[in-house]
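Engineer: My questions will all concern the structure given below.
Please treat every number below as a calculation from the coordinates, not as lab data. Fair warning: this is a prediction, and the values are worked out from it, not measured in the lab. Glycine also receives a Cβ, built like all others from the backbone with ideal geometry; neighbour counts cover every protein chain displayed.
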Amino acid sequence: MLKRGSSPPPPKPYIPELDKLLSYFRTRDAAIDERLHPPRPRLPTSLPEDDEKSVEATFRRPGVIAKIAREQVASADIVRLRPRQWLNDEIINFYGAMIMARAEEQKENAVPRGKILKAFYLSSFFWQKLSTDGYEKGRLAKWTKKVDIFSRDVVLIPVNHGNAHWTAAAINFQKKRFESYDSMGMATEAVWKRLRDYVRAEHLNKKKKPFDFTGWKDWAPDSTPQQDNGYDCGVFTCQFLESLSRGEDDFVFTQEDMPYLRRRMVWEIAHTRLRNDV
Amino acid sequence: MSDNEHGGNPSQDEGVKQEDPNATINIKVVSSTGEEVFFKIKRSTKLSKLQGAYASKVGKDVSSIRFLYDGDRIQEDDTPLSLEMEDNDTIDVMVEQVGGRRL
């Protein structure tokens, strides 16, 4: 076909089709995305068989179920961890006491994910006193007479809203953030403001000088796991606080894990320790 | 109750820790709505007695209310002595909190 004397045609440049190009970019982006956001470990759907039996036995026990530090949970409280039940202050504060106990042990590599922080837990009544009485009238300086919150990594605070809703708040000294985690995605600005007011007052009272708010920001990520019902917020709140005590704020649980987490919490309360197997 | 304690105590006693278990102490119990009830008890008396007396006075079941001293839940065996309470200290009474969702 070539005419004599003419040179061979130049090699055809490789021009991938648009589809191939797009597919290449998609694959590359997915790989980058996976490295940036590794897939979340999935929580199991049930405890080991013997532990499930122990949970059922705990539900049937009368009287006081367990004690830790100054908190206790009785049979009337533990049944609130059955499906669809609202949680009360006894469950929330017992969970907080377990988080504090683990933080105080300060064992290395105690948990598979994250690292146990120097956390301080303030009971569910702290927020009520702060909201209704304020720092002075509520005598809140005395709540921390044995602790310097400014030397901690994080201060964890459960927040009860109108005796109908639980959320988690945190003063994160490591990341300089006032944090609010709400499984209904609502409570934020009022919580941030109150956390700031508390830190300001506590610093003035204990350190006798104003707190330096430079670099501090308010934090309530859109990625906060959400509930799709009218009863699980207390479980979300306990799990927010537990994750935060390990420095983990990219929560792995979702609404569908709540039935499992309720049973895990029963086991943990009955054995007065947090499970570190997940 | 009619003792004039301040008049009766020499001023040099102030600031000295009162260790006598039979000495009495005034305690203010404040509800979450601000009502105050005053008690005068021995430093060695278990605070569970005060809790029971308070509950019947306000007509509440003890298991439905929580007694806090400086944020700490008061235990069965706690006494003013064990908690190192001082005269005219305050005990907060809180009621059970619940939550499941925003109404």
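Engineer: Please give the average number of partner chain Cβ atoms lying within 10 Å of the Cβ of each residue in A:157-167, rounded to a whole number.
Structural biologist: 4
Engineer: In a Debye calculation with equal point scatterers on the alpha-carbon sites of the stretch A:81-233 and no solvent, what is log10 I(q)/I(0) at q = 0.12, 0.16, 0.19 Å⁻¹?
Structural biologist: Relative scattering, expressed as log10 I(q)/I(0), comes to -0.54, -0.98, -1.37.
Engineer: Please give the FRET efficiency for B:D77 paired with A:V79, using the beta carbon to beta carbon distance and R0 = 22 Å, rounded to the nearest 0.05.
Structural biologist: After rounding to 0.05, the efficiency reads 0.20.
Engineer: When every alpha-carbon pair in chain A is counted, what percent end up more than 34 Å apart?
Structural biologist: So the portion of pairs separated by more than 34 Å is 30 percent.
Engineer: When the helix-only estimate is applied to the protein assembly as shown (DSSP H runs of n ≥ 4, each -39,500 (n - 2.57), divided by the residue count), what is the mean residue ellipticity at 222 nm, nearest 500 deg cm²/dmol?
Structural biologist: Counting only the DSSP helices, I get -10000 deg cm²/dmol.
Engineer: Pairs A:K193/B:K28; A:K145/A:K193; A:K146/B:K60; A:K118/A:K207; A:K145/A:K175; A:K129/A:K176: which exceed 27 Å Cα-Cα?
Structural biologist: Cα-Cα > 27 Å for A:K193/B:K28; A:K146/B:K60; rest within.
Engineer: What order do you get for A:32-43, A:94-105, A:66-77 when each peptide is scored by the mean count of other beta carbon atoms within 10 Å, highest first?
Structural biologist: Ranked by mean Cβ neighbours within 10 Å, highest first: A:94-105, A:66-77, A:32-43.
Engineer: Follow-up. According to the square roots a ≥ b ≥ c of the eigenvalues of the Cα gyration tensor, what is the shape class of the stretch A:53-99, taking rounded for a/c under 1.5, prolate for a/b larger than b/c otherwise, and oblate for the remainder?
Structural biologist: oblate
Engineer: Moving to a separate point now. If the cut-off is 12 Å between C-alpha atoms, which aspartates and glutamates fall inside it for B:K46, apart from same-chain ones fewer than 8 positions away?
Structural biologist: By straight Cα distance, B:K46 reaches B:E76, B:D77, B:D78.
Engineer: Ok, one more. List the DSSP H helices in chain A whose Cα atoms stretch 20 Å or more along the helix axis and whose mean Kyte-Doolittle hydropathy is at least -0.5.
Structural biologist: Once both thresholds are applied, what remains is A:18-36, A:89-105.
Engineer: Return the loop-located trypsin sites (Lys or Arg not before Pro) in the stretch A:182-268 (DSSP other than H, G, I, E, B) with at most 13 other Cβ atoms within 10 Å of their own Cβ; answer none if there are none.
Structural biologist: Here the sparse-neighbourhood loop sites are A:K208.
Engineer: How many angstrom lie between the Cα centre of the stretch A:48-83 and the Cα centre of the stretch A:155-171?
Structural biologist: Spelled out, the Cα-based centre of one part sits 23 Å from the other.
Engineer: Under the 0.36 nm per residue contour assumption, what length would be gained going from the current alpha-carbon distance of A:E105 and A:K207 to full extension?
Structural biologist: 34.0 nm
Engineer: On to the next question. Considering every residue in B:88-99, what mean count of other chain Cβ atoms within 10 Å of its Cβ is obtained?
Structural biologist: Shielding by partners across B:88-99 averages 6.
Engineer: Another question, then. Among the lysines, which fall within straight-line cross-link reach of A:K20, defined as a Cα-Cα distance under 21 Å, with same-chain neighbours fewer than 8 residues apart omitted?
Structural biologist: Within reach: A:K12.
Engineer: Now for a different question. What are the chymotrypsin sites (Phe, Trp or Tyr not before Pro) within the stretch B:39-100 that DSSP puts in a loop, where the Cβ has at most 10 other Cβ atoms within 10 Å?
Structural biologist: Answer by residue number: there is no such site.
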